[in-house]
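Comments concern the structure below.
The values are calculated or read from the model by the stated rules, or taken from the named source; none is laboratory data. It should be emphasised that the depicted structure is a prediction, and the values quoted were computed from it without experimental measurement. Virtual Cβ from ideal backbone geometry, glycine too; neighbours counted across all protein chains shown. Heavy atoms of the whole protein, side chains included, go into the accessibility calculation; ligands, DNA and RNA do not. Shrake-Rupley method; radii C 1.70, N 1.55, O 1.52, S 1.80 Å.
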Amino acid sequence: MNNSARTKAYGRSAMIALTLAVLTIIEFYVAISLDSAIFLMLIALFKAVIVVQAYMHVSRLWSPEGEH
Amino acid sequence: MTLWSLGLVRGVVGQIVGFAAGMALVIASRLLFGFDPVWNQEPALVGGIIIGSIGFLIGVGALTDWFKWMRGIETPLHHGPPHGRPAWTRYFGVDYNHKVIGIQYGVTGIILLGIGGMFAVIFRTELAASGFQFLNPSNYNTYLSMHGWAALAAILLGIGGMANYLVPLMIGAEDMAFPRLNAFAFWINVPGIITLLMSLNYGWDGGWTVYPPLSVLGPVGYQFTFWAVFLIGLSSILGSLNLIVTILRMRPPGMSLFRMPIFVWAVFATSLIQLTATQFIGQAFLMLSFERLLGMGFFDPDKGGAPILFQHLFWFYSHPAVYIFVLPGLGIISEILPVFSRKPLFGYRWIALSSIAIALVGFLVWGHHMFTSGYGEYLRVPFMISTLLVAVPTGVKFFSWLGTMWGGKLSFPTPMLFVLGAISVFLIGGLSGPILATTATDLFLHDTYFVVGHFHATIFGGFVFPFFAAIYFWYPKITGRMYDETLGKIHFWLMTPAFWTMSLGQMSVGVMGMRRRIADYDPALGVEFGHVLVTIAGFTIAFSVLLMIYNLLHSAETGRVAGNNPWRSRSPEWQIPSPAPEHSYASPITVVGEPYDYGIPNSTYVHMAPLAAADD
Amino acid sequence: MTTVTAALEGYTQQLRNNRMGLWLFFISEAFLFGGLLVTRFYLWGNTRPELDQTIGLIVTGVLLLSSFSMNMAETAIEHGDRRTFLGGLAVTAVLGLVFLIGVMVFEWGLFPAIYEGHLKPGDNVYGAVVFAMTGMHALHVISGIIFIAIVWNLGRKGGFSPERHWGVESCAIYWHYVDVVWIFFYPALYLIGTVAH
Ligand SMILES: [Cu+2]
């Protein structure tokens with residue numbers, strides 16, 4: 001049981017990385033084709049929110065139990 | 001006990017060794033990367049400054065526990081004075097008790113304030129007559145610039161002293177949230193101050209604002225200033241981080257945000273600014289340092305850079321910095337006033353929120369220092385309006401102070417006198433503010449002594465007077481003895497009229513055309529008499545402060561024993577013995593009422609758990 | 001920050017303080033990096049220097065990958081999987097080094113014998129800002145790698161448990177923070193604006 005939870009957590013981690021990779025590629029093509037600073041910064045913001053939420057688990061700051 | 005057991009001594013030795021090592025490191029890497037010539041004074045000195053500061057921190061022992069953690073060794077917090085050494089030695093080394101650190105901050109601050117004041121007295125004397133008497137222009141400029149940063153650093157230290165000593169006591173916490181970080185944040189100031197004083201050896205002349213291109217072209221003393229400010233700024237950031245966590249997470253049961261002592265609110269607002277804005281001055285000064293070292297053209301129009309960018313970065317910190325300097329002092333005024341008026345603080349919530357409002361609005365006004373800089377003219381009106389807006393929350397404070405005193409049973413011991421002096425002086429600073437905030441008048445007054453007068457009134461009213469009030473007020477809690485009331489009153493009655501004279505004198509010579517930061521002036525301006533008055537006032541203030549220092553030192557031994565609560569204050573720190581014991585509170589406290597309900601029968605603020613019956 | 005005898009409640013309290021403290025530090029640092037971005041937009045406007053797009057894409061990808069391995073390491077210690085934990089940390093440190101080499105050797109041209117860079121800090125405002133931004137970021141990457149090395153060494157000696165691993169958590173979120181900074185720096189340096197000649 002412990003093992004399957006672990007595998008699931010690793011899979012989630014990989015999915016997030018994949019999402020970020022896809023966004024980076026989109027970013028690169030947006031830069032080539034659209035050349036819009038605002039749009040590029042929005043994508044960057046979106047990526048940052050994903051990292052802050054999923055990898056840096058910012059919500060632990062206000063989770064009451066304090067552990068995980 | 002040997003001298004070597006004092007952390008301060010080890011730190012200074014560490015800094016000297018580190019300085020040499022840093023210079024050697026720069027020379028070695030220049031050799032390695034094939035720079036020509038291998039010896040270049042400026043980069044070598046900067047290497048020395050950086051490694052020297054690290055050397056100090058290692059020597060003093062501020063990093064020892066963290067090095068142990070890196071090797072997996074647990075380090076329990078040591079309480080009480082060091083083993084096998086006299087108790088006073090703990091003040092000269094790393095100690096984790098917030099009260100010790102508060103005293104360390106405060107005393108270092110007073111010493112540095114004295115050094116900064118000494119520079120002022122020196123160049124002030126030169127200004128008493130036109131022509132050159134005993135300084136040449138370049139000495140004058142160095143002393144003037146040093147006065148600026150020494151005094152500002154002293155103010156930051158003084159604030160750190162009040163905040164570190166009082167905040168954990170006032171919220172009934174055992175200590176700060178991160179005691180080791182607290183000690184580190186204090187000790188990093190000391191190599192910073194040593195570095196700043198070393199700049200005297202090389203000189204620098206830009207005033208505290210160090211605008212490029214002058215600061216890029218000037219003597220190497222600038223590098224010492226940049227890095228000293230960087231170190232002191234780092235202390236601000238780490239100290240404020242610690243205070244915010246302490247305030248948000250370590251309050252006792254019952255102390256909701258709106259039941260905190262008002263000084264804690266002020267420190268919270270101050271810390272929000274310190275935590276964030278300080279990064280900008282650190283960055284701006286690093287950019288100057290590297291523009292000098294590597295020719296990076298941030299502020300060099302020849303390379304596509306922009307000198308005005310520096311002004312933006314500088315003032316984005318340095319305007320809010322003024323609120324860093326004054327907000328804690330205004331908090332002290334609001335804290336002490338109800339005690340000696342025996343009446344509730346008028347409009348507690350408004351005062352608490354006005355501190356936050358000042359802090360937030362303070363981020364939007366930096367451009368009022370740049371009306372004459374040549375930045376976009378469309379920026380003038382927005383910055384003027386946002387600046388004038390600051391008068392609203394500040395006015396709320398004045399209104400509350402008057403409302404608190406109105407109909408109160410006033411008494412006037414020295415701390416109360418200094419609070420009233422602070423209000424009067426801050427009023428001078430406040431009323432001269434809108435004149436400078438208004439673009440039309442500022443275009444004429446910019447860079448004159450009027451600005452000097454306004455700034456000093458703001459800082460004396462917002463920091464120096466309240467700081468002295470705080471020293472007299474909490475002196476019995478710190479030492480267990482009373483200061484000499486007569487000497488305290490003489491201090492006040494010398495300093496306050498002298499300061500009024502100085503402030504109004506500075507403003508009037510400014511209006512008559514005296515430029516700031518100029519070593520000489522044309523006697524035809526008719527400002528000589530004003531300068532004589534200001535100089536005499538300056539000496540009087542300096543003398544009165546010496547009187548206070550004598551009073552504090554002398555009374556610590558001979559003063560009458562003060563007792564737990566000589567001022568009949570409701571704040572929790574006055575319900576424990578004086579001097580405050582190693583562990584401030586024998587048991588956790590509970591807050592059961594409003595903090596400032598003076599004169600209201602049967603009202604209680606804190607419940608000192610087991611002693612409750614005796615205390616109420 | 002714990003003593004062996006400290007009660008679990010004390011640990012939880014301290015953990016929550018630590019988290020808040022670290023995040024406040026991030027907020028503070030955001031103003032530093034924000035200031036650098038302001039500098040970039042103030043001085044460059046809608047232009048940018050000609051940087052090597054291949055290097056940019058590679059180092060960005062490497063840093064992203066390192067965030068993934070770092071998250072693997074943290075997840076592993078939460079589930080008591082020490083092998084993956086140590087492996088993840090090691091991979092992260094190596095990827096961090098690859099990033100540094102990409103920036104310092106190739107973008108900066110620090111060793112002209114290996115690779116001749118195309119910008120110097122003293123050239124003009126483009127060189128100055130590129131070096132300021134990548135330099136400040138590299139400083140944080142270096143400190144992150146040192147942090148990882150310390151945590152790895154402690155973990156190797158049996159430190160940290162699924163219940164108590166603030167050292168790992170702080171190291172991980174610090175590393176991710178450095179990645180977040182690069183998420184903004186990458187478009188600001190490599191993508192936004194037209195190339196100035
Ligand atoms: Cu201002």
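Restricting attention to segment A:9-68, which residues are touching an Asp or Glu at 6+ places or on another chain (Cβ under 7 Å) and either more than 9 Å from every other protein chain (Cβ to nearest Cβ) or not hydrophobic (A, V, I, L, M, F, W, C) (or both)?
A:HIS68 - this is the single residue of segment A:9-68 that is touching an Asp or Glu at 6+ places or on another chain (Cβ under 7 Å) and either more than 9 Å from every other protein chain (Cβ to nearest Cβ) or not hydrophobic (A, V, I, L, M, F, W, C) (or both).
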- Task: Restrict the check to segment B:41-61 and report whether at least one residue is within 30 Å of B:ASN136 (Cβ to Cβ), free of Cβ contacts under 8 Å to residues at least 60 places away in the same chain and surrounded by 21 or more Cβ atoms within 10 Å (Cβ to Cβ).
- Result: yes
- Only residues that are part of a loop (DSSP other than H, G, I, E, B) and in contact with a helix residue (DSSP H, G or I) (Cβ under 6 Å, 6 or more places away or on another chain): list them for segment B:28-48, please. B:VAL38
- Query: Here are some conditions: (1) assigned to a helix (DSSP H, G or I); (2) over 16 Å from B:LEU196 (Cβ atoms); (3) open to solvent by less than 20 Å² (accessible area, probe 1.4 Å). B:PHE268 meets all but one. Which one does it not meet?
  - Reply: (3)
- If we scan segment B:4-27, do we find a residue that is over 27 Å from the mean Cα position of the chain (by Cα), more than 19 Å from B:GLY192 (Cβ to Cβ) and either within 14 Å of chain C (Cβ to nearest Cβ) or not in a helix (DSSP H, G or I) (or both)? no
- Of the conditions (1) open to solvent by 50 Å² or more (accessible area, probe 1.4 Å); (2) within 27 Å of B:GLY158 (Cβ to Cβ); (3) part of a helix (DSSP H, G or I), B:VAL381 clears all except one; give me its number. (2)
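So is B:PHE418 more than 14 Å from the ligand (Cβ to nearest atom), surrounded by 15 or more Cβ atoms within 10 Å (Cβ to Cβ), under 22 Å from B:GLY347 (Cβ atoms) and of a type in the set (Phe, Trp, Tyr) or not? I'd like the intermediate steps shown before the answer.
Numbers: more than 14 Å from the ligand (Cβ to nearest atom): yes; surrounded by 15 or more Cβ atoms within 10 Å (Cβ to Cβ): yes; under 22 Å from B:GLY347 (Cβ atoms): no; of a type in the set (Phe, Trp, Tyr): yes.
For B:PHE418, the condition - more than 14 Å from the ligand (Cβ to nearest atom), surrounded by 15 or more Cβ atoms within 10 Å (Cβ to Cβ), under 22 Å from B:GLY347 (Cβ atoms) and of a type in the set (Phe, Trp, Tyr) - is not met.
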- Query: Regarding B:ALA391, is this residue open to solvent by 30 Å² or more (accessible area, probe 1.4 Å) and within 14 Å of the ligand (Cβ to nearest atom)?
  - Reply: yes
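Okay, residues lined up against (1) facing chain C (nearest Cβ under 9 Å); (2) of a type in the set (Lys, Arg); (3) away from the ligand (no atom under 16 Å from the Cβ); (4) more than 27 Å from C:TYR126 (Cα to Cα):
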{"site": "B:TRP265", "(1), (2), (3), (4)": "no, no, yes, yes"}
{"site": "B:ILE273", "(1), (2), (3), (4)": "no, no, no, yes"}
{"site": "B:ILE281", "(1), (2), (3), (4)": "no, no, no, no"}
{"site": "B:ALA306", "(1), (2), (3), (4)": "yes, no, yes, no"}
- Selection count where residues are assigned to a helix (DSSP H, G or I) and of a type in the set (D, E, K, R), scope segment B:150-186: 1
- Item | Selection from segment B:1-59 of residues that are more than 22 Å from B:ARG292 (Cβ to Cβ) and of a type in the set (Ser, Thr, Tyr) | B:THR2, B:SER5
- Can you tell me which residues in segment B:344-367 are assigned to a helix (DSSP H, G or I), within 11 Å of the ligand (Cβ to nearest atom) and open to solvent by less than 10 Å² (accessible area, probe 1.4 Å)? B:GLY362, B:GLY367
- So which of C:LEU86, C:LEU64 is touching a residue at least 40 places away in the same chain (Cβ under 8 Å), within 10 Å of chain A (Cβ to nearest Cβ) and either in contact with a helix residue (DSSP H, G or I) (Cβ under 7 Å, 6 or more places away or on another chain) or surrounded by fewer than 18 Cβ atoms within 10 Å (Cβ to Cβ) (or both)? C:LEU64
- Taking B:MET370 and the conditions (1) away from the ligand (no atom under 14 Å from the Cβ); (2) open to solvent by less than 60 Å² (accessible area, probe 1.4 Å), which numbered condition does it fall short on, given that it satisfies the others? (1)
- Task: Name, by its number, the condition in (1) surrounded by fewer than 21 Cβ atoms within 10 Å (Cβ to Cβ); (2) more than 8 Å from chain A (Cβ to nearest Cβ); (3) assigned to a helix (DSSP H, G or I) that does not hold for C:VAL59.
- Result: (1)
- Task: Among what's in segment B:66-122 and is buried (at least 20 other Cβ atoms within 10 Å of the Cβ) and of a type in the set (Phe, Trp, Tyr), pick the residue that is nearest to the chain's Cα centre (by Cα).
- Result: B:TYR105
- Could you tell me which residue of segment C:11-39 is farthest from C:GLY167 (Cα to Cα), considering only residues that are open to solvent by 30 Å² or more (accessible area, probe 1.4 Å), within 7 Å of another protein chain (Cβ to nearest Cβ) and of a type outside the set (D, E, K, R)? C:PHE31
- Only one of these is away from every other protein chain (no Cβ under 14 Å) and within 14 Å of the ligand (Cβ to nearest atom): B:SER411, B:SER341, B:SER386. Name it. B:SER386
- Query: For B:HIS319, all conditions in the list (1) farther than 25 Å from B:GLY421 by Cα; (2) open to solvent by 10 Å² or more (accessible area, probe 1.4 Å); (3) of a type outside the set (Phe, Trp, Tyr); (4) within 16 Å of the ligand (Cβ to nearest atom) hold save one; what is the number of the exception?
  - Reply: (1)
